[in-house]
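The values are calculated or read from the model by the stated rules, or taken from the named source; none is laboratory data. Here the structure is a predicted model, which is why all the values come from computation and not from measurement. Ligands, DNA and RNA are stripped out before the accessible areas are found, and what is left, the full protein with its side chains, is counted by its heavy atoms. Shrake-Rupley method; radii C 1.70, N 1.55, O 1.52, S 1.80 Å.
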Amino acid sequence: MSTRELARSLLDQVPESKLLYVVAYLQGVTTPENDETPNAETLEAFEELDNGGGHTYNGPVENLIDSLLGDESA
(Lines give C-alpha, C1' and ligand atoms only; values in the text may rest on other atoms or scores of the structure.)
Protein backbone atom coordinates (compact mmCIF):
# COMPACT_ATOMS: atom_id res chain seq x y z
CA MET A 1 0.00 0.00 0.00
CA SER A 2 1.40 3.38 -0.95
CA THR A 3 1.65 6.25 1.51
CA ARG A 4 -1.13 8.07 -0.35
CA GLU A 5 -3.39 5.01 -0.17
CA LEU A 6 -2.68 4.68 3.57
CA ALA A 7 -3.53 8.36 4.08
CA ARG A 8 -6.84 7.92 2.23
CA SER A 9 -7.65 4.86 4.29
CA LEU A 10 -6.93 6.69 7.52
CA LEU A 11 -8.89 9.72 6.36
CA ASP A 12 -11.95 7.54 5.93
CA GLN A 13 -11.62 6.60 9.61
CA VAL A 14 -11.51 10.18 10.93
CA PRO A 15 -14.76 11.11 12.66
CA GLU A 16 -16.67 13.96 11.00
CA SER A 17 -16.29 16.03 14.19
CA LYS A 18 -12.48 16.00 13.81
CA LEU A 19 -12.27 16.29 10.04
CA LEU A 20 -12.06 20.09 10.23
CA TYR A 21 -8.70 19.77 12.04
CA VAL A 22 -7.38 17.43 9.35
CA VAL A 23 -8.49 19.80 6.60
CA ALA A 24 -6.80 22.76 8.32
CA TYR A 25 -3.58 20.78 8.67
CA LEU A 26 -3.66 19.67 5.04
CA GLN A 27 -4.21 23.24 3.90
CA GLY A 28 -1.14 24.26 5.90
CA VAL A 29 1.13 21.59 4.45
CA THR A 30 -0.01 22.21 0.89
CA THR A 31 0.75 25.94 0.98
CA PRO A 32 3.63 26.74 -1.37
CA GLU A 33 6.91 27.15 0.47
CA ASN A 34 7.62 30.48 -1.21
CA ASP A 35 5.22 32.11 1.27
CA GLU A 36 8.30 32.67 3.41
CA THR A 37 9.87 34.95 0.81
CA PRO A 38 10.68 38.32 2.42
CA ASN A 39 8.46 41.19 1.33
CA ALA A 40 9.81 44.34 -0.31
CA GLU A 41 10.20 46.22 2.98
CA THR A 42 12.24 43.40 4.50
CA LEU A 43 14.43 43.09 1.41
CA GLU A 44 15.04 46.84 1.57
CA ALA A 45 16.08 46.53 5.23
CA PHE A 46 18.48 43.69 4.36
CA GLU A 47 20.03 45.85 1.65
CA GLU A 48 20.36 48.77 4.05
CA LEU A 49 22.24 46.59 6.54
CA ASP A 50 24.43 45.14 3.80
CA ASN A 51 25.41 48.70 2.86
CA GLY A 52 26.41 49.60 6.42
CA GLY A 53 23.22 51.39 7.43
CA GLY A 54 20.37 50.45 9.71
CA HIS A 55 20.53 49.35 13.30
CA THR A 56 21.48 46.05 14.87
CA TYR A 57 20.74 44.86 18.39
CA ASN A 58 22.97 42.43 20.25
CA GLY A 59 21.60 42.70 23.78
CA PRO A 60 19.29 40.37 25.68
CA VAL A 61 15.83 39.85 24.20
CA GLU A 62 14.27 41.08 27.42
CA ASN A 63 15.62 44.57 26.72
CA LEU A 64 14.83 44.70 22.99
CA ILE A 65 11.57 46.67 23.28
CA ASP A 66 13.17 49.24 25.58
CA SER A 67 16.00 49.58 23.08
CA LEU A 68 13.57 50.11 20.21
CA LEU A 69 11.66 52.73 22.20
CA GLY A 70 14.87 54.52 23.20
CA ASP A 71 14.47 53.83 26.92
CA GLU A 72 18.03 53.87 28.22
CA SER A 73 17.01 53.02 31.79
CA ALA A 74 16.65 49.30 30.98
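See the values below:
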quantity	calculated
Proportion of all alpha-carbon pairs of the chain beyond 20 Å (%)	64 percent
Kyte-Doolittle mean at least -0.5, axial Cα span of 18 Å or more - DSSP H helices of the chain	16-29
Computed helical MRE - 222 nm, the chain, DSSP H runs ≥ 4 contributing -39500 (n - 2.57), nearest 500	-17000 deg cm²/dmol
Carbon plus sulfur fraction of accessible area for the range 8-71, probe 1.4 Å, in percent	54 percent
Full-extension gain in nm, VAL14 to ILE65, via 0.36 nm per residue minus C-alpha separation	13.9 nm
The chain, accessible area per residue, ligands and nucleic acids excluded (1.4 Å, Å²)	95 Å²
